[in-house]
Amino acid sequence: MPGSLYFLRKGVADVPIGQGWEVPGSEIPWSDHHWFRVSPRGALVVVCLSEAPLWYSGHYVSGRMAPCVGDGCELCAEGVGGQVRYVFAAAEVSTKRVGLLEVSRSNGLLIRSWVSRRGKFKGMVLEFSKHSHSKNSRTQVLYIDEDLPPWYLALEVPDVKRALLMTWKKGGFKLPKGMVE
C-alpha cells in the first residue's frame, strides 16, 4: 500500500531519512545537541520546533536504536526486527531547553492524527509520560490544545538530520548508504 506506515519494505533504507509522517518504498550548526528522555518520575511537556519530523528505519540493539543500512545490513541478516522511528526538535516548556525527541511508530501515528486536524506540527504542545514507574514501560503522548508560548518563536531550531547522523557516528554505528555528515 503506497504511502502507508504499516509496511516496511525492502529498499526503505535506500532513502534512510525522510521528512514528514510517511514512510516511502539547515544551516544551523548543531554539535552540542540534547536528547530528551521521558522519565518514569514525571511528564515531559514540549513544544515542537520542527516543521515535520524526520523518520528512519532502525533496529533496537543493546538498549539503543541502530540505523538500518539497507542491503547487506548485518542486523537484518541476524533477524533483528526493524522499527520506524520519528525524530524532531522540541523545547521543554518548563526549562525552555531545546533538544531532540525520538518517538515510536505508534506515537508517531497518534501525533500524525492530531497534526491532520490541527493543520501543522510546528508549535504543537505535547506531553510525554511513562505508563508506569518502570523505565522500560510504554511512552504515552497527549496533545495539549493551548495557546502557544510566545518565547518558542525566538528559539533556534537544531539541524535534526545532522544531529541524528552525529549520534549514530558517535555510537559507532554504520551510516545508511549514501549518508554523509
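Taking the number of Cβ atoms within 10 Å of each Cβ as an exposure proxy, the fewest-first ranking of Ile111, Ile144 is Ile144, Ile111.
Give Lys96/Lys169; Lys130/Lys161; Lys130/Lys170; Lys120/Lys174 a once-over and call out the pairs whose C-alpha atoms are over 29 Å from each other. Lys120/Lys174, as the Cα separations exceed 29 Å there. For His34, the residues whose amide H sits under 5 Å from its own are Leu100, ignoring neighbours fewer than 5 places away on the same chain, with H placed 1.01 Å from N. When each of Lys169, Lys174 is scored by the number of other beta-carbon atoms lying within 10 Å, the sequence from fewest to most is Lys169, Lys174. For region 71-181, the Kirkwood hydrodynamic radius from C-alpha pairs, put into Stokes-Einstein at 37 °C and a viscosity of 0.692 mPa s, yields a diffusion coefficient of 199 µm² per second.
All of the numbers you see were taken from the coordinates with simple rules; none came from a lab. The structure presented is a predicted model; accordingly, all values stated were derived computationally and were not measured. Glycine also receives a Cβ, built like all others from the backbone with ideal geometry; neighbour counts cover every protein chain displayed.
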